[in-house]
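One structure below.
The values are calculated or read from the model by the stated rules, or taken from the named source; none is laboratory data. If you're wondering where the values come from, they're calculated on a predicted model, not measured in any experiment. No Cβ is skipped: glycine too gets one built from the backbone with ideal geometry, and neighbour counts run over all protein chains shown.
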Amino acid sequence: MSTEIEKAGGISSATLEKVLIGGDLSKLSEGQRVEYYAQTCKSLGLNPLTKPFDYITLNGRLTLYAKRDATDQLRRIYGVSIIRLERERVDDVYVVTAYAKDRDGREDSSVGAVNIKGLAGDNLANALMKAETKAKRRVTLSICGLGMLDETETETITAVEVKPVVEVVEPVATVTVPPLPYETAKTVTTSDGKVYDQQDDAALIAIRNSIEKAIAKETDPQRIDELKYKLAAVESIQAHRATK
């Protein structure tokens, strides 16, 4: 994956080394972070359009953490089943241990814990459910070999800054385009003759971002119409792939 990112996003080997070893995505440009995000999704088989990850600044480093969409998709893709839950109270902490098995028969377990001191009624019920959710998501990430935080863990970590994925991309005005039939969209090409429908998901995301930025800066009405046509083609292809 690292070679693909370097080629697609223009990331130097030295910078890429800092990212992969040091885990600090702030070393990348906005465009490179989008590419890294998309390639991470691709390597795991996740749909980037569902935004399965978000960004978090932890100990001065910008990194990814998994959202519910990520763990839900991972369970389906890798055939992960939660086979047993164990619950116990340790002083003022409620602990749930989740045991999971994948389709190959490999098993793993992880713990989810919450502080329930002074809680009662709905607040207590919500805390108990949160512990179970945390355990299930953590064991899903663990059995899939992902050593990253789950979003339920970010709620209890102090001195962190959570950044939505949309903030990593340079904001542009929302562009509304009429729908384009897929049969037409799949024949549309880039300025250098590359067929949109033959590009992978990461490339399509980069192309879409580029078109939207170009529309925001363009003043020629005819050129804007051309760009909107291309944007409609990309949206049609992405929508078609999302249904597969």
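Within the stretch 145-159, does at least one residue satisfy the condition of being more than 27 Å from L28 (Cα to Cα) and at pLDDT 90 or above?
No.
Within the stretch 106-128, is even one residue in contact (Cβ under 8 Å) with a residue 24 or more places away in the chain and part of a helix (DSSP H, G or I)? Looking for residues that are in contact (Cβ under 8 Å) with a residue 24 or more places away in the chain and part of a helix (DSSP H, G or I), one finds at least one in the stretch 106-128, hence yes.
If I filter the stretch 53-74 for residues that are over 29 Å from V114 (Cβ atoms) and at pLDDT below 85, do I get at least one hit? Within the stretch 53-74, none of the residues are over 29 Å from V114 (Cβ atoms) and at pLDDT below 85.
Of everything in the stretch 215-244 that is among the polar types (S, T, N, Q) and in a loop (DSSP other than H, G, I, E, B), the residue that is nearest to Q73 (Cα to Cα) is T243. Out of curiosity, is A214 more than 30 Å from L44 (Cα to Cα), within 27 Å of the chain's Cα centre (by Cα) and not assigned by TED's automatic domain parsing to the domain that holds P48? Criteria met by A214.
Against the conditions (1) hydrophobic (A, V, I, L, M, F, W, C); (2) modelled with pLDDT under 85; (3) in a helix (DSSP H, G or I); (4) within 21 Å of the chain's Cα centre (by Cα), where does V169 fall short? Just the number, please. Here V169 meets the rest and fails (3). Which is surrounded by 16 or more Cβ atoms within 10 Å (Cβ to Cβ) and more than 20 Å from K101 (Cα to Cα), of T71, T50, T63? It is T63.
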